[in-house]
1. Between V312 and A29, what FRET efficiency follows from the Cβ-Cβ distance if R0 is 56 Å, with the result rounded to 0.05?
2. Under the Karplus relation 6.51 cos²θ - 1.76 cosθ + 1.60, θ = phi - 60°, what is the ordered set of whole-Hz ³J(HN,Hα) values for the range 159-169, x standing for Gly and Pro?
3. If each of I116 and F258 carries a label point 7 Å out from its Cα toward its Cβ, how far apart are those two points in nm?
4. Of the peptides 344-355, 115-126, 391-402, how do they stack up when ordered by the mean number of other Cβ atoms within 10 Å, highest first?
5. Ordered by packing density, taken as the mean number of other Cβ atoms within 10 Å over each peptide's residues, highest first, how do 156-163, 296-303 rank?
6. So which of K242/K423; K348/K423; K28/K348; K28/K184; K45/K127; K85/K184 end up more than 31 Å apart by C-alpha?
7. At R0 = 35 Å, how high is the FRET efficiency between D243 and T339 if r is their beta carbon distance? Nearest 0.05 is fine.
8. Given 0.36 nm per residue, what is the gain on full extension from T425 to Y97 after removing their alpha carbon distance, in nm?
Amino acid sequence: MKKTLLLQTALVAAAGLFVADVASAQVKAEPISVSLGGFMEQNFKIQDKGTSANTTQANESSMTFGRPNTEIWFNIRAVLDNGLKVGGRVELEGATYGDQIDESYAWFENDSYGRIEVGSTDRVSSKMNYFAPAAIPGIGTTAPAEASAARISPLMWYRNSGNDVQGINVYTASNRYFGSKVGKGLMLGVSYVPDGCEDDSVLGTVTANNDTTTGALSNALSSCGQGAGTSPFGTKTSGNLKDQIQFAGNYLESFGSFDVALFASYTRTNVEQRGTVVTGVTGNPYLKGANGLAGYALGTTITYNVGDGSTVQVGGGYRNEEVFAVRAAGASVNPVIGTETAYTAGIKYLTNGAAAGSIGIGADWWTGSNVVGAGSANVAGSDMDYYGLGLTYQLAAGILLYVGAGIVDYTDQLPATKTGDYKQTFGQTGFVFNF
């Protein structure tokens, strides 16, 4: 799910940070209904980027319209006689992507106890986190969108996140998203992903778990092909997440003119490996994978309400996570496990929150060590740095204009080849509709 486009409004409405979903004092039954929502971003970008072949920067200048970033949300909702709320959501991509249906899940919610989500959606850490405010919509370090001009997204989300895959999320009641309470206080969440499969479209078509052999369902159930060779998730022959569990918590409170959000999370998962040689109808054999890959993250966002609707937001965070640096090439080879660390920090000033005419200016920064690189061998890089500067203008409710510029500098850990080295400078302008 691509939510960073909503940061201008979601984090400054009401009391700066807190958006309350306040229900009426007397719950009334409502028949099941469907409503539409979503967002659209269109942008124009100019960039100077390149990859290195033996340390020589090969510039690839371009001035293009960016990849559109649009989703249509079908929201399902009903209220039962006993007050229980039930519903679901299906997110349709507004352009042609590999996952034409981005998310599809059902939910059950009780104001006093909390909420359960079942299906293909993000994990609790991705929905509950607080880090640096995004300087440029869609290019922030919390959850960059498809429209991002950055070649490698400077993510604070877990690489082994299991987002947009089949699983279950359980939340307690006290939160800005759920229930009848004003969204202050402590909320806890837990997620479980039995297997990193997004939906049935990637199941049952490949016995050998590769792109050329088709057959029975038996061996395809736990190898849905999450990602490509450069992805930390791997391909249909390796890298599939399994038995992932994730815990997260945030605490929201106001202290005079300050609104404070604190966040922490922990994740643990197994990663499967598959062989490349087909063995009859059973498909590829399992190789040595990795069990118990763990990670944790800490973050905060603090909003100072200056007065007359203007606010100053500052925030930052830290992530530490075990990832595949080099995968196993055969049954006797163990995968190489690396630890990726990342820091982010940012500041943003808004003249009048999400009101029409509000102007925002922000800057954010991200740095990471041993980050997963861009090379096809998926060798971990030594470091990457990102700097962003953005200016926004709220034209009307739900209509945001923006312009921004950024720098990305990635250095590969292999000095002999430097095949993954690159530097990128970009500028991007566009608009966002939230509806």
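1. Between V312 and A29 the formula returns 0.80.
2. So the J values, rounded to whole Hz, are 5, 8, 8, x, 5, 6, 10, 5, x, 9, 10.
3. About 3.9 nm, to one decimal.
4. Highest to lowest by the protection proxy: 115-126, 344-355, 391-402.
5. 156-163, 296-303
6. Too far apart for the 31 Å limit: K242/K423; K28/K348.
7. 0.95
8. Contour length minus Cα-Cα distance gives 115.5 nm.
Values quoted throughout were computed directly from the atomic coordinates according to the rules given, and no laboratory measurement underlies them. Only a predicted model underlies this, so the values are computations on that prediction, with no experimental measurement involved. In this analysis, Cβ positions are derived from the backbone assuming ideal geometry, glycine residues included, and neighbour counts consider all displayed protein chains.
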